[in-house]
Amino acid sequence: MSVGSKPSRPPTVPSQKAESMNRGEEVLSNAYREICEAKGFIGELSTRLQQLTAEKATDSERIESLESQLEVVKNSNKALMLSARSAGGEIESLRTKLEACQQKANLDEELEDEKRR
């Protein structure tokens, strides 16, 4: 080999070269098909992600609405409890007045009985 000359390659047979090119084309074709399939799969995943994101937003809105409704129910319950306590106090007061009226009526009746005797 002289300086500056290219190393010699073994001679290639044209059929080997064609076979190698065919394999290369097949590999490229398979790779292209797999890339297209992957792009389709990525598109499907992207669509599903958008759907899930929309569902999550809807679920968040529902949760906020339910929490708001729960707060209204809690406040109504508190108001009802206060009203019930107040009504209980009024009932007790009326019961006491009724007992006093019954005692007075009993005393008045006894007094009338005494006057008749």
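Couple of notes before you dig in:
- Around Ile42: net Lys/Arg minus Asp/Glu count, Cβ-Cβ under 14 Å: -1
- Within a straight-line Cα-Cα reach of under 20 Å, Lys104 can be paired with the following lysines, leaving aside sequence neighbours fewer than 8 residues apart in one chain: Lys115.
- Counting only lysines at least 8 places from Lys17 when in the same chain, those with an alpha carbon closer than 28 Å to its own are Lys6.
- According to the calculation over all Cα-Cα pairs in region 8-72, the P(r) per 10 Å bin from zero is 17, 19, 16, 13, 12, 9, 7, 5, 2, 0 %.
- Using θ = phi - 60° in the Karplus curve 6.51 cos²θ - 1.76 cosθ + 1.60, the 3J(HN,Hα) couplings for region 100-108 round to 5, 5, 5, 5, 5, 4, 5, 5, 4 Hz; x is entered for Gly and Pro.
- Answer label, with Kirkwood radius over Cα pairs in Å calculated from the coordinates and candidates (1) 25.5; (2) 17.0; (3) 14.5: (1)
- Shown in residue order for region 77-91 are the 3J(HN,Hα) couplings computed by the Karplus curve 6.51 cos²θ - 1.76 cosθ + 1.60 at θ = phi - 60°: 5, 4, 4, 5, 5, 5, 5, 5, 4, 4, 5, x, x, 5, 4 Hz (x for Gly and Pro).
- Per-residue HN-Hα couplings for region 62-69 [Karplus 6.51, -1.76, 1.60; θ = phi - 60°; Hz; x = Gly/Pro]: 4, 4, 4, 5, 5, 5, 5, 4
- Note on Lys74: lysines with a C-alpha under 30 Å away, same-chain residues under 8 apart excluded, are Lys56.
Bear in mind these aren't lab numbers, they're just calculated from the coordinates by the rules spelled out. Just so it is clear, the structure is predicted and the values come from calculations on it, not from any experiment. Cβ sites come from the backbone with ideal geometry, for glycine too, and all protein chains shown count toward neighbours.
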